[in-house]
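Engineer: Here's a structure for you.
The values are calculated or read from the model by the stated rules, or taken from the named source; none is laboratory data. Computed from a prediction, not measured in an experiment: that's the story for all the values here. When the accessible area is computed, the model is the full protein with side chains, heavy atoms only, and any ligands, DNA or RNA have been set aside. Shrake-Rupley method; radii C 1.70, N 1.55, O 1.52, S 1.80 Å.
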Amino acid sequence: MTQGTPTAAAAGTWNLGDLTVNRLGFGTMRLTGSAAFGLGAPSDRARSIGVLRRAIELGVNHIDTAAFYFSSLRSANELINRALAPYPEDLVIATKVWAGRDPSGAWWWATPEQLRGQVEENLRQLGRDHLDVVNLRVPPSHRSGSVAEHFGALADLRTAGLIRHLGISNATPEHLAEARAIAPVVCVQNAYGVGAPAHERDLLRACGEQGIAYVPFYAIAGAGREAGAGATDGEAVLAVARAHGVTPAQVRLAWTLRQGPHVLAIPGTGNPDHLVENVAAAELRLSDDEVSALDAEEVSGG
């Protein structure tokens, strides 16, 4: 890794439709409190705003968010609005709908007719008149169901000018094919990292063949998921980290970016030091042997 201030531009770029983003972005799920979805103490508002502004300074121009990212006192979208509006011209903000939370924090899932309300909620919170990218977040219970009605409703909102580009999240190859038959899909956002199952790697490759961005979430957290990274790093990750004098999280991000030029990373943090470390991973270059060792750990489950 090079010395000096890291920059997200070192990861290279990819196009989400007509929008060019640096492949190392930022996820906002961890900005609102000590635990995802309001289960812990709310974050320090000034610190979270500072992290967002610092991310932009470090070259991040792709931010992932959702209206359901909120704690008892913090909203990710409100923090983005306060920190970054008026927005930089090159900033791309991606959000997600279908999933939602009511004011008490209880989860609910929108009908196709309710998606417009969720889109408008994101617009109000972000202070925008259109959304750059909206991902249809498929419910875990719907993995074998059709997404046609919901995706069709988003396609109508795209035609109406409320949405610029569409994506799909927590999706299967069947969902992707169904969605692409309705409207263009610029990205697939699924859980993926070292230890991911082979079928998910197949979907990653298929996205590359179709010119679609693949955007992993939990790339750092792995099996820790919403709880964050824990004692889940296998020996291959730890060995590569020791060899480069970096953190396991940085190794996981560098490995993620090596999965293909169409693969984007959206690590999230509310810690300004972790932010700098995550962005620095854009400059970490792994050898083919190191990638192979991490791939083998993936096959064995990490």
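Engineer: Under a 1.4 Å probe, what is the accessible area of the chain per residue, stated in Å²?
Structural biologist: Values: 12460 Å² over 302 residues.
So the chain comes to 41 Å² accessible per residue, rounded to a whole number.
Engineer: So for the chain, what are the equivalent ellipsoid semi-axes in whole Å, largest first, each being the square root of 5 times an eigenvalue of the Cα gyration tensor?
Structural biologist: 28, 23, 18
Engineer: Rounded to the nearest percent, how much of the accessible area of the chain (1.4 Å probe, protein heavy atoms only) is carbon and sulfur? Walk me through the numbers before you get to the answer.
Structural biologist: Working: 6410 of 12460 Å².
Accessible surface attributable to carbon and sulfur in the chain totals 51 percent.
Engineer: Same structure again: What are the ³J(HN,Hα) couplings of the range 13-24, residue after residue, when phi is run through the Karplus curve with 6.51, -1.76, 1.60 and θ = phi - 60°? Round to Hz, x for glycine and proline.
Structural biologist: In residue order, the calculated couplings are 10, 8, 9, 9, x, 9, 10, 8, 10, 5, 5, 9 Hz.
Engineer: Quick one: which residues, 5+ away or cross-chain, put their amide H under 5 Å from the amide H of Val263? H built at 1.01 Å from N.
Structural biologist: Tyr214
Engineer: With n ≥ 4 as the cut-off for DSSP H runs, can you work out [θ] at 222 nm for the chain, using -39500 (n - 2.57) per run divided by the number of residues, rounded to the nearest 500?
Structural biologist: -11000 deg cm²/dmol
Engineer: What is the antiparallel percent of DSSP beta bridges lying wholly in the chain, to the nearest 5?
Structural biologist: 25 percent
Engineer: What share of Cα pairs, in percent, lie more than 25 angstrom apart in the range 53-208?
Structural biologist: 31 percent
Engineer: For the chain, what does the relative contact order come out to in percent, with C-alpha contacts under 8 Å and a separation of six or more?
Structural biologist: So the answer I get is 20 percent.
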